[in-house]
1. Quickly run through segment 27-58 and pick out the residues that are small (G, A, S) and assigned to a loop (DSSP other than H, G, I, E, B).
2. Name the pairs: first residue in segment 41-70 and free of Cβ contacts under 8 Å to residues at least 24 places away in the same chain, second residue of a type in the set (G, A, S) and assigned to a helix (DSSP H, G or I), Cβ to Cβ under 6 Å, at least 6 apart or on different chains?
3. Kindly indicate whether D20 is exposed (fewer than 12 other Cβ atoms within 10 Å of the Cβ) and either over 14 Å from the mean Cα position of the chain (by Cα) or not charged (D, E, K, R) (or both).
4. Residue by residue through segment 1-26, note down the ones that are among the hydroxyl-bearing types (S, T, Y) and part of a loop (DSSP other than H, G, I, E, B).
5. Only one residue in A43, A55 is modelled with pLDDT of 95 or more and loosely packed, with under 10 Cβ neighbours inside 10 Å. Which one?
6. Would you please list the contacts, defined by Cβ atoms under 9 Å and residues six or more apart or on different chains, that run from a residue in segment 10-37 that is farther than 18 Å from I52 by Cα to a residue that is open to solvent by less than 100 Å² (accessible area, probe 1.4 Å) and modelled with pLDDT under 95?
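The values are calculated or read from the model by the stated rules, or taken from the named source; none is laboratory data. Because the structure is a prediction, the values reported are computed rather than measured. Reconstructed Cβ throughout: ideal geometry from the backbone, glycine too, with neighbour counts over all protein chains shown. Each accessible area value is taken on the protein alone, full model and side chains, heavy atoms only, with ligands, DNA and RNA left out. Shrake-Rupley method; radii C 1.70, N 1.55, O 1.52, S 1.80 Å.
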Amino acid sequence: MPSTKAGQRAVNKYIAKNYDRVNLVFKKDASPTKEEVQAAADAAGESLNGYIVGAVKQRMEREASGEVDE
């Protein structure tokens, strides 16, 4: 990570240009919890972000092929 304010501004500018952000909220008393999802991501050898993006992509592919979650 950059150690200067200018460096951090450059990183923030790059991120804003190249990524979309989505806030994800986990209810503390409901499953899955953030900790459960983090543990699943760790077990899969993925980052939390990569795990969630992969899960969303898989669901979108299932729905596009006509599969239905029950």
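1. A30, S31, A44, G45, S47
2. L48/A41; Y51/A41
3. So D20 fails the test.
4. Matches in segment 1-26: S3, T4, Y19.
5. A43
6. Sorted first by the residue in segment 10-37, then by its partner, the pairs are A10/P2; V11/P2.
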